[in-house]
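J.: If you scroll down you'll find the structure; I have some questions about it.
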Amino acid sequence: MKINFKITTLLLLFMVSAISCEKKEEVEKQVNEETLTLKSAFSDDFFVGSAVNDNHINGKDTLALQLIGKEFNTLTPENIMKWMNIHPEENTFNYNMSDQYVALGEKNTMHIVGHTLVWHSQLAPYINTISDSATMAENLKSHINTIVGKYKGRIHSWDVVNEALNEDGTLRESIFLKVMGKDYINYAFQLAALADPAAELNYNDYNLWKPEKRAGVVQLVKDLQAKGTKIDGVGMQAHWSLEGPSLEDIENSIIAYSDLGVKVMFTELDITVLPNPWDLNGAAVEQSYEQFEGDPKMNPYPNTLPDSIQNKLAKRYEDIFNLFLKHKDKISRVTFWGVHDGQSWLNDWPIKGRTNHPLLFDRKLNPKKAYQQIIELKKQN
Ligand code: G3I
């Protein structure tokens, strides 16, 4: 009788503690889920980040800074490290903004990206006057050695060469190619590796889902590898739309790049919801788009995004993140090109003065349905 009583008491105690454990776990899970942010939700998968502009870097945009600190664990400077800004004249380096940028990343213990060392666009004018190979090589050396060397151990990842390929996968006729030939790419990567052997070195470009351009990247990476030059990753910029590219094309590129033994990154993700001039019959890509400025047909959502499009955007982001999660072993970083819709370059490109809605946070910095859906997707994975 006594023994029975003891067993029953023990059983009861065990049940009570099991129930309270279960309850505790449930409460913990609830708290966790409520406080999930992009960086915590995907912490086991890949870095999640944002491009930052002048007002984030100089501390003026305090609201966006709170959001950045809460949601992201990697940063990319949208403009301040481009050649024309950081190295405007041959012997002038302008570190005012880049020092503040790196300090911002360090304050938040973030993975800090340098964007970008060698790009045909936003160049300092003196580079365009160089016509012999030795002088160009000297200038590349001074640019890369000085900047990568200065931030050695503090900038963790560099977009070493940006947009060196044409859409058909051939090399773009940039000033660097014209003057130095195709070895400028290898030279740039070698210089960066020497200046900071521990930094991650990447090739970055847009439309890298395109099969022809993909083949160009594969060749470029193989050429570097054949020469024993360090290349760690391929950055797919990911300026996409509601309609394309297809998940299949994106997936094929993830696999092709990863098969080369390099990491894959999505470095400039945004999804335009607006019509583009090249989708219109008869609008050639090369023509000026000024004619469309102020045209309400080209700016259909100047106030809020209708639910139907908000839902489409959410579904598109969900599909894309589903693919990213499927290949999380190959993907090291996903960076959005801007913090919120009001700060996106897509409000002024390809047509100035429009209201685009391409990111996860709206103009009031509130998370959009796309944000909720991505977090929800992660909870189920
Ligand atoms: O800072 C000046 C300002 O002083 C001036 O009054 C104003 C007048 O237009 O221009 C301001 O500079 C603009 C700058 O963005 C900062 O807002 C430039 O005109 C404008 O051309 C520049 O555009 C940037 C573009 O690269 C060209 O550098 C976009 O913000 C930036 O989002 C975009 O980013 C690129 C990536 O670096 C590479 N991949 C493609 C991506 C989108 O184009």
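Quick note: the coordinates plus some simple rules give every number you see, no bench work behind them. Not measured: the values here are computed from a predicted model. Backbone-built Cβ (ideal geometry, glycine too); neighbour counts: all protein chains shown.
J.: Tally Lys and Arg at +1 and Asp and Glu at -1 over the other residues with C-beta under 10 Å from the C-beta of residue 203: what net charge comes out?
T.: For residues surrounding residue 203, the net value is -4.
J.: Using amide H atoms built in the peptide plane, which far-off residues or other-chain residues are under 5 Å from residue 52 H to H?
T.: For residue 52, whose amide H was placed from the backbone, the distant partners under 5 Å are 76, 78.
J.: Just subtract the alpha-carbon distance of residue 255 and residue 242 from 0.36 nm times their residue separation and send over the number in nm, one decimal.
T.: Numbers: separation 13, 0.36 × 13 = 4.68 nm, distance 2.26 nm.
Stretched fully, the residue 255-residue 242 segment lengthens by 2.4 nm.
J.: So how strong a dipole does the stretch 36-379 carry about its Cα centre when Lys and Arg Cβ are +1 and Asp and Glu Cβ are -1, to the nearest 20 debye?
T.: On the way: 35 positive and 44 negative charges, 177 e Å.
The dipole magnitude comes to about 860 debye.
J.: For residue 178, go through the lysines and keep the ones whose alpha-carbon is under 19 Å away, minus same-chain ones fewer than eight residues off.
T.: 141
J.: So what's the angle, to the nearest 10 degrees on a 0 to 90 scale, between helix 2-34 and the longest Cα principal axis of the chain?
T.: So the inclination is approximately 30 degrees.
J.: Mind giving me the FRET efficiency for residue 328 and residue 62? R0 is 45 Å, r the Cβ-Cβ distance, nearest 0.05 is fine.
T.: After rounding, the FRET efficiency stands at 0.85.
J.: For the stretch 124-137, take each phi angle, set θ = phi - 60°, evaluate the Karplus expression 6.51 cos²θ - 1.76 cosθ + 1.60, and give the result in whole Hz per residue in order, putting x for glycine and proline.
T.: Per residue, the Karplus-derived 3J(HN,Hα) values read 6, x, 4, 5, 5, 8, 7, 10, 10, 4, 5, 5, 5, 4 Hz.
J.: Label points 7 Å out from Cα along the Cβ direction at residue 319 and residue 91: separation in nm?
T.: Rounded to a tenth, the inter-label distance reads 5.7 nm.
J.: Okay, next question. Per the helix-only calculation at 222 nm, which mean residue ellipticity applies to the chain, given -39500 (n - 2.57) for every DSSP H run of n ≥ 4 and division by its residues, nearest 500 deg cm²/dmol?
T.: The helix-only estimate for the chain comes to -13500 deg cm²/dmol at 222 nm.
J.: For the modelled label position 7 Å from the Cα of residue 225 along Cα-to-Cβ, which residues of the stretch 243-276 have backbone nitrogen atoms closer than 20 Å?
T.: It comes to 250-266, nothing else.
J.: Continuing with the same structure: Test of the criteria: in the stretch 173-249, which GluC sites (Glu not before Pro) are in a DSSP loop and have at most 10 other Cβ atoms within 10 angstrom of their Cβ? Walk me through the numbers on the way to the answer.
T.: On the way: sites: 173, 200, 212, 243, 248; in loops: 173, 243.
Passing both the DSSP loop test and the Cβ count: 173.
J.: Still on this model: Given points 7 Å out from each Cα along the Cα-Cβ axis, report the residue 278 to residue 311 separation in nanometres with one decimal.
T.: 3.1
J.: Next up: Can you tally the net charge around residue 320? Count Lys and Arg as +1, Asp and Glu as -1, for every other residue whose Cβ sits under 15 Å from the Cβ of residue 320.
T.: Result for the local shell: 0.
J.: Could I have the simple spin-label model distance between residue 109 and residue 135, label points 7 Å from Cα toward Cβ, reported in nm to one decimal?
T.: Here the answer is 4.9 nm between the modelled labels.
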